[in-house]
Amino acid sequence: MTTKITLSLAQQATALALSLASSEYNNRALSVAVCDCNGSLLAFNRMDNAKLLTIELTQRKAYTAARLSTKTLAFLQRLQKENLDIQYFGDSLLTALPGGIPVFSPSGALAGSVAIGGLSADEDHQVAEKIAQFLTDIL
């Protein structure tokens, strides 16, 4: 029997707080989503004035990162490199927008994912990577 690793409530709260603090530093509104290793939503926050579309897209980024165990930026690059249509994957919740990052335990097991939405694609990716790395470090 294998034991699944998941992000605790305290770790989820830390991810939310870090993302909000990061956004306040840049004075920009964003959304953050945290999923478990299956892509099920654990936590979500949308800052005041964050775009409404970030509600769905940010959750999809986190879902995709967990379901595929890869960064959404890497998924986008694969789709482009191999000239693949995202619909080939048979999952309508997948997205290739940058900003979703899987979180792995020190042993390499997938613990969940974190995603940021509302900034530029590069900024979403960078902020999510920092939060994912922090979560990995405290697992």
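The values are calculated or read from the model by the stated rules, or taken from the named source; none is laboratory data. These numbers were taken from a predicted model, which means no experiment stands behind them. Here Cβ is always computed from backbone atoms with ideal geometry, including for glycine, and neighbour counts include all displayed protein chains.
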Yes or no: residue 128 closer than 19 Å to residue 5 by Cα, touching a residue at least 12 places away in the same chain (Cβ under 8 Å) and not in a strand (DSSP E or B)?
no
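Considering segment 107-124 alone, what residues qualify as being surrounded by 17 or more Cβ atoms within 10 Å (Cβ to Cβ) and over 18 Å from residue 21 (Cβ atoms)?
Of all residues in segment 107-124, those surrounded by 17 or more Cβ atoms within 10 Å (Cβ to Cβ) come to 110-119, 123-124.
Correct list: 110, 111, 112, 113.
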Flagged in segment 10-40 as exposed (fewer than 15 other Cβ atoms within 10 Å of the Cβ) and modelled with pLDDT of 90 or more, in numbering order, are 38, 40
Selection over segment 45-56 where residues are at pLDDT 95 or above, under 20 Å from residue 130 (Cα atoms) and surrounded by fewer than 18 Cβ atoms within 10 Å (Cβ to Cβ) yields a count of 0
Give, as residue ranges, the strands (runs of 3 or more DSSP E) completely inside segment 11-113 that count at least 1 residues that are touching a Leu at 6+ places or on another chain (Cβ under 8 Å), without any contact (Cβ under 8 Å) to a residue 60 or more places away in the chain and not charged (D, E, K, R).
41-46, 100-104
